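*Asks:* Here it is, the structure, as structure tokens.
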Amino acid sequence: MHERTPSIRERTPGAVRASWTASPWAKAVAVIVLAALFMAFVGAFGSQRAPLPTRLAYWLAAMAGGSVLGWALHEFAMRIDFLADRLLARMAVVAVAMSVPYTAAVWALSRWAFGAEAFGNLPPVPAMVRMFPSVLLVSTAMTALNLMAVRRPRETHAAAAGAPPSRFLDRLPAKLLGADLYAVEAQDHYLRLHTSRGSDLILMRLADALGELEGLEGAQTHRSWWVAKDAVASARRGDGRAVLVLKSGAEAPVSRSYARALRQAGWF
């Protein structure tokens, strides 16, 4: 879209950024700190033998390091078609994948904090095998808590003055060239492009398209939809969920998990 029209409800860019980015990530940090405090004070997994300051340092390092590794694996998992649209499967895969290498890191951290006697003087490999179920349990819980804390729509931003337009506009079929892009809808392995000149299909994944849509102000409203903010003519409730009515008359669903963030950002 080449010109920006007034949105349904205007908010300052800072407010939008605060509601979609700062707040969720603050929640993720809070999850790490609160989980570490809880584990330290209850002396989880035998850590009660160490002094409280040591336990706090241990659990903060373990939770923070695991969360960073988990997010790196999560970003990779989002590039896999089967996992991108399946939250529970994605959480399970990430938890298992991170537990394998992270068991070694936790073993090393545990030796630093509690000494070799924490493992009954077992050699490293048997000790890590014994630790793995506990690491997997904590990894699963933290993965779920972190993903729930920061789950939000994937947003794209309008191009800055003088910046090139969105790369995705080059993918418009010939009959749609020059049209305003209203929405992108995933249909199996194809994307249906909703524009001011009609719609058409192209072969592409939505996960890849979202990267190229940067330069257009919009957001993912549903796991199968990206919508340009200026394309929204109105909003309504349908079957208990919000629905965005586009200027073309097409209707884009709003996922319940994204509804609150979109409402805070002034979409409806």
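No lab work stands behind these numbers, since they all come straight from the coordinates. Keep in mind it's a predicted model, so treat the numbers as computed, not measured. Cβ: placed from backbone, ideal geometry, glycine included. Neighbour counts: every protein chain shown.
*Asks:* How much length would be gained if the chain were fully extended between Phe41 and Trp112, taking 0.36 nm per residue of separation minus their Cα-Cα distance, in nm to one decimal? Working shown, then result.
*Replies:* Details: separation 71, 0.36 × 71 = 25.56 nm, distance 1.89 nm.
Length difference between fully extended and current span is 23.7 nm.
*Asks:* From the P(r) of the stretch 162-264, could you give the percentage of C-alpha pairs in the tail past 19 Å?
*Replies:* On the way: 2054 of 5253 pairs.
More than 19 Å apart: 39 percent of the Cα pairs in the stretch 162-264.
*Asks:* Please work out, to two decimal places, the log10 of the ratio I(q)/I(0) at q = 0.15, 0.24, 0.27 Å⁻¹ from a Debye calculation in which every Cα of the stretch 68-126 carries one identical scatterer.
*Replies:* -0.55, -0.87, -1.02
*Asks:* If packing is taken as the average count of other Cβ atoms within 10 Å, what order do 136-146, 45-55, 64-74 fall into, highest mean first?
*Replies:* Working: 136-146: 19.4, 45-55: 14.7, 64-74: 17.7.
Averaged packing, sorted descending, gives the order 136-146, 64-74, 45-55.
*Asks:* Could you work out the relative contact order of the chain, using alpha carbon pairs under 8 angstrom and six or more residues apart, expressed as a whole percent? Walk me through the numbers before you get to the answer.
*Replies:* Working: 384 pairs, mean separation 53.5, N = 268.
With pairs under 8 Å counted, the relative contact order is 20 percent.
*Asks:* Let me ask something additional. Can you give the FRET efficiency to the nearest 0.05 for Arg167 and Glu251, using r as the Cβ-Cβ distance and R₀ = 25 Å?
*Replies:* Working: r = 27 Å, r/R0 = 1.08.
Efficiency computed from Cβ-Cβ geometry: 0.40.
*Asks:* Would you kindly work out the equivalent ellipsoid of the stretch 119-204 from its C-alpha gyration tensor and give its semi-axes, the square roots of five times the eigenvalues, largest first in whole Å? Don't skip to the answer; put the middle values down first.
*Replies:* On the way: eigenvalues 494, 51, 34 Å².
Whole-Å semi-axes of the equivalent ellipsoid: 50, 16, 13.
*Asks:* Calculate the dipole size of the stretch 162-264 relative to its Cα centre from +1 charges on Lys and Arg beta carbons and -1 charges on Asp and Glu beta carbons; express the result in debye to the nearest 20. List each step's numbers first, then the result.
*Replies:* Details: 15 positive and 12 negative charges, 86 e Å.
Roughly 420 debye for the stretch 162-264.
*Asks:* Where does the chain land on Rg/Rh, using Cα atoms and the Kirkwood Rh?
*Replies:* 1.09
*Asks:* Given points 7 Å out from each Cα along the Cα-Cβ axis, report the Ala160 to Arg49 separation in nanometres with one decimal.
*Replies:* Reported label-point gap for Ala160 and Arg49 is 5.5 nm.
*Asks:* Could you tell me the relative contact order of the stretch 226-268? Use alpha-carbon pairs under 8 Å, at least six residues apart, and round to a whole percent. Mind dumping the intermediate values first?
*Replies:* Working: 47 pairs, mean separation 12.9, N = 43.
That works out to 30 percent.
*Asks:* Tell me which DSSP H helices of the chain clear both cut-offs, 27 Å or more of axial length from alpha-carbon atoms and a mean Kyte-Doolittle hydropathy of at least 0.5.
*Replies:* Details: long enough: 23-42 (28 Å, 2.00); 52-77 (36 Å, 0.77); 87-114 (36 Å, 1.34); 124-150 (36 Å, 1.41).
Those that pass (Cα extent of 27 Å or more, hydropathy at least 0.5) are 23-42, 52-77, 87-114, 124-150.
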